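The values are calculated or read from the model by the stated rules, or taken from the named source; none is laboratory data. Quantities reported herein were computed from a predicted structural model and do not represent experimental measurements. When we count neighbours, we look across all protein chains shown, and the Cβ atoms used for this are built from the backbone with ideal geometry, even at glycine. With ligands, DNA and RNA removed, areas are computed over all heavy atoms of the protein, side chains included. Shrake-Rupley method; radii C 1.70, N 1.55, O 1.52, S 1.80 Å.
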Amino acid sequence: MTFYLTPFIFIFLSILYFYIPFGYLDYYKTLLTISTFLFSIFTGFFISRQGSRYSDIRDRITEFDGIMSSLYRQTRHLGKEAQEKIKKIIEKHYKQILKNQAWDYNFTHKSTTLTDVHNLLEKTVGEKKLPSLGHAAINRIMAGLLILQQIRKSMIALHKERIPQFQWILLYFLAAVLFLSLSMMPTQGLVYASLLKGAFASSIIFVFVLLKKFDRLDFFEKTIGEESAQDILDIFSGKK
């Protein structure tokens, strides 16, 4: 919500700085320089780290979905009935994502997808002797399930890797000092200077909005999650 309010915040602050003086202190330039330097370093580091975390999650989702699609294709070597059963298991997994509009639903809630696939293989194969192609398919499916489990554990760890509360407090403190130092700049009656100061002050708020989105993992959520889930279901329906 704050993201969409940013233009209005910019206009409000620019008008505020144009008409209302916030005082003038000789040392505001020093405070502004120091606070800008520290704020940019810390926010740059956190945005970079969260962006890297976001990329790691996107890559793991792609790998996870690719293996799930491969499991479905491999089970055709175990019979049509087995393929239909694993199709229902995988569909249930991805329909939960689309239903709740949350790409991380199966990582933040109890999921039996991998267990259900294991149980299906046990019931389908058991002690049966398979032809060489079926045996190779089972080996690939079991290897895929092992990788899926590793990805799941990695995803859960990445999902919990949030910015600690202490670091948020530090950022809030630096932002407050920067905002106050910026407000001390004399711009009353100066249109261009008021606009620049308003833009700078608004960008401080926007940085926090960006960090929050990265921290909550809802930045381009539909792109990395729901569209990937829909792609798998499209494969099952024959659209792809």
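Where only protein heavy atoms count, and the probe is 1.4 Å, what is the accessible area per residue for the range 74-126 in Å²?
Numbers: 3130 Å² over 53 residues.
Normalised by residue count, the accessible surface of the range 74-126 is 59 Å².
All other residues with a Cβ under 12 Å from the Cβ of Gln167 taken together, and with Lys, Arg as +1 and Asp, Glu as -1, what is their net charge? The partial results should precede the final answer.
On the way: positive: Arg49, Arg162; negative: Asp215.
My count for the surroundings of Gln167 gives +1.
How many nm separate the modelled label positions at Leu190 and Met142, each set 7 Å beyond the Cα in the direction of the Cβ?
7.5
Within a Cβ distance under 15 Å of Thr43, other residues only, what is the Lys/Arg minus Asp/Glu net charge? Before the final figure, lay out each step's value.
Details: positive: Arg49, Lys212, Lys213; negative: Asp215.
My count for the surroundings of Thr43 gives +2.
Can you list the residues of the range 57-73 with backbone N under 18 Å from a point 7 Å past the Cα of Ala157, pointing along Cα to Cβ?
57-64
For the range 38-153, give the percent of accessible area contributed by carbon and sulfur heavy atoms, probe 1.4 Å, rounded to a whole number. Don't skip to the end; give the middle numbers.
Values: 3490 of 6680 Å².
Summing carbon and sulfur atoms, their accessible area is 52 percent of the total for the range 38-153.
How long are the semi-axes of the equivalent ellipsoid of the range 38-111, taking √(5λ) for every eigenvalue λ of the Cα gyration tensor, in whole Å from largest down? Can you show the working numbers first?
Numbers: eigenvalues 270, 40, 9 Å².
The equivalent ellipsoid of the range 38-111 has semi-axes of 37, 14, 7 Å.
Given the range 89-176 reduced to its alpha-carbon atoms as identical point scatterers, what log10 I(q)/I(0) does the Debye formula return at q = 0.16, 0.19 Å⁻¹?
Log10 of I(q)/I(0), two decimals: -0.80, -0.96.
Counting Lys +1, Arg +1, Asp -1, Glu -1, what net charge surrounds His109 among other residues with beta carbon under 14 Å of its beta carbon?
On the way: positive: Lys92, Lys95, Lys99, Lys110, Arg152; negative: Asp104.
Taking every other residue near His109 into account, the sum is +4.
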